[in-house]
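Step one of this worksheet: look at the structure below.
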Amino acid sequence: MSEATSNGPLLVASGVTKQFGGLTAVDDVSFAIPRNAIVSLIGPNGAGKTTFFNILTGLYKPTLGRVSFDGRDITGGRPDKIMALGVARTFQNIRLFGTMTALENVMVGQHTRMKAGLFGSILRLPRVRREERHVRDKAAELLSFVGLRPALHDQLATNLSYGDQRRVEIARALASDPKLLLLDEPTAGMNPQESGDLTRFMERLRDELGLSILLIEHDMKVVMGVSEHVTVLDHGEKISEGDALTVRTDPQVVEAYLGKQEAERQRTEDGVG
């Protein structure tokens with residue numbers, strides 16, 4: 001990797017458009033994620049945020065545009081190949097294997113880094129057994145890192161609380177050793193204390209593991225408290241971008257969230273316009 005690449009943005013999306021039949025869900029969006037940064041993608045419901053996430057992770061192929069990750073073109077690449085390069089994600093609706101334990105769920109997350117093939121697994125070769133022990137130990141370490149008590153490591157995922165299930169999902173994403181972690185509505189269903197804990201945890205991921213994080217989030221307190229850069233979508237178009245204060249006070253953003261009449265009322269009360 002060249003020095004220019006290693007010092008440039010980790011991910012760059014250029015002119016990305018996604019159409020479903022006659023509907024344009026994402027319209028000519030360009031976007032960059034710096035290295036070792038926490039950035040947020042926000043917007044009202046139906047703005048195109050999750051569609052954009054799905055393009056970055058290979059679930060959707062863009063109709064137009066290009067996506068590069070760490071200097072490589074990943075446009076329309078297979079999700080497993082993109083994950084192997086270092087992109088991991090969580091989902092708005094938690095997608096754990098309910099009949100597997102927390103530990104087993106995280107072990108599954110390491111499959112892209114495992115070397116043992118089918119033949120080795122069948123024969124139970126010594127190197128395979130060593131790798132399995134390593135995978136189990138790493139899974140336990142990650143569960144502890146995300147704050148799941150050791151007593152819960154062997155609990156079935158379906159029996160865990162919502163907050164603990166979210167922790168397991170993040171640990172599973174971390175198990176693939178990502179460079180970029182995409183979090184889709186991670187605080188949904190959490191109380192204010194849990195949301196605050198997750199905010200501090202995201203900062204730990206950046207500071208201790210050197211990760212970049214892209215966050216879709218409706219909780220503006222979380223977004224404004226943790227984001228170094230915020231991009232706003234509305235009806236598939238990028239309408240604002242910048243630091244949290246710039247975006248929060250942008251009239252287009254206020255209008256997108258509150259509606260034109262309410263935005264005008266607030267501007268009148270503030271003596272603007």
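None of the figures in this text is laboratory data; all of them are computed from the coordinates on show. Keep in mind it's a predicted model, so treat the numbers as computed, not measured. Quick reminder, even Gly has a Cβ in these numbers, built from the backbone with ideal geometry, and neighbours come from all protein chains shown.
Results, tabulated for the structure shown:
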{"quantity": "Förster radius 41 Å - calculated FRET efficiency between R35 and Q92, Cβ distance, rounded to 0.05", "calculated": "0.95"}
{"quantity": "Cut-off under 5 Å, modelled amide H: who pairs with V26 long-range", "calculated": "K18"}
{"quantity": "Phi-based couplings in Hz for the stretch 60-72 (Karplus 6.51, -1.76, 1.60; Gly and Pro marked x)", "calculated": "10, 9, x, 5, 9, x, 9, 10, 10, 10, 6, x, 10"}
{"quantity": "Sorted by Cβ density within 10 Å, fewest first, the residues L211, L152", "calculated": "L152, L211"}
{"quantity": "Per-residue ³J(HN,Hα) for the stretch 156-161, Karplus 6.51 cos²θ - 1.76 cosθ + 1.60, θ = phi - 60°, Hz, x for Gly and Pro", "calculated": "4, 4, 5, 8, 7, 5"}
{"quantity": "In Hz, Karplus ³J(HN,Hα) per residue of the stretch 173-182 (6.51, -1.76, 1.60; θ = phi - 60°; x = Gly, Pro)", "calculated": "5, 5, 5, 8, 6, x, 9, 10, 10, 9"}
{"quantity": "Cα→Cβ-extended label distance, 7 Å offset, between N159 and L85, nm", "calculated": "4.1 nm"}
